[in-house]
Amino acid sequence: MVAEGHELSVGDVIRVAANASGAVHLGAGRGEAQKALKRVNEQIIVGNHPAVVQTLPAIGRVVHRALTPLAERVRSEVGMSQN
């Protein structure tokens, strides 16, 4: 993602959602890139939520899909059921 010419990582998006958007606690972004994302985030509202907050479910789905094979392997190696 790019905000005001700054390249941002998924970690930056999560930190801005957690800190600057008040999802965890309210605070200023760290560094110019996060501050730029916070400014852009304040201008874009999707479904009554800041745009950055709206990206979190998609990030969660990607992480879940990426970790599913690892979780299945761990379960099979320790003899746990899938639930």
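Is the C-alpha gyration tensor of the stretch 2-78 telling us rounded, prolate or oblate? Criteria: a/c under 1.5 is rounded; beyond that, a/b larger than b/c is prolate, otherwise oblate. If you can, show how the numbers build up before the last one.
On the way: a/c = 2.57, a/b = 2.25, b/c = 1.14.
Here the stretch 2-78 falls in the prolate category.
Which residues' amide hydrogens lie under 5 Å from the amide hydrogen of Ala3, considering only partners 5 or more residues apart or on another chain, with H built in the peptide plane?
Leu8
What shape does the stretch 28-70 have by the C-alpha gyration tensor, where a ≥ b ≥ c are the square roots of the eigenvalues, rounded means a/c under 1.5, and otherwise prolate means a/b greater than b/c and oblate the rest?
On the way: a/c = 4.79, a/b = 1.73, b/c = 2.77.
Oblate shape, in that a/c is at least 1.5 and b/c is the bigger or equal ratio.
Whole-Hz Karplus ³J(HN,Hα) for the stretch 64-72, in order, using 6.51 cos²θ - 1.76 cosθ + 1.60 and θ = phi - 60°, x for Gly and Pro?
Karplus-based 3J(HN,Hα) across the stretch 64-72 equals 4, 4, 5, 8, 4, x, 5, 4, 5 Hz.
Which whole-Hz couplings ³J(HN,Hα) result when phi for each residue of the stretch 32-37 is put into the Karplus expression 6.51 cos²θ - 1.76 cosθ + 1.60, θ = phi - 60°, listed in order with x for Gly and Pro?
5, 5, 5, 5, 5, 5
Every number here is computed from the coordinates shown, using simple stated rules; none is lab data. Being a predicted model, the structure only gives us computed values, none of them experimental.
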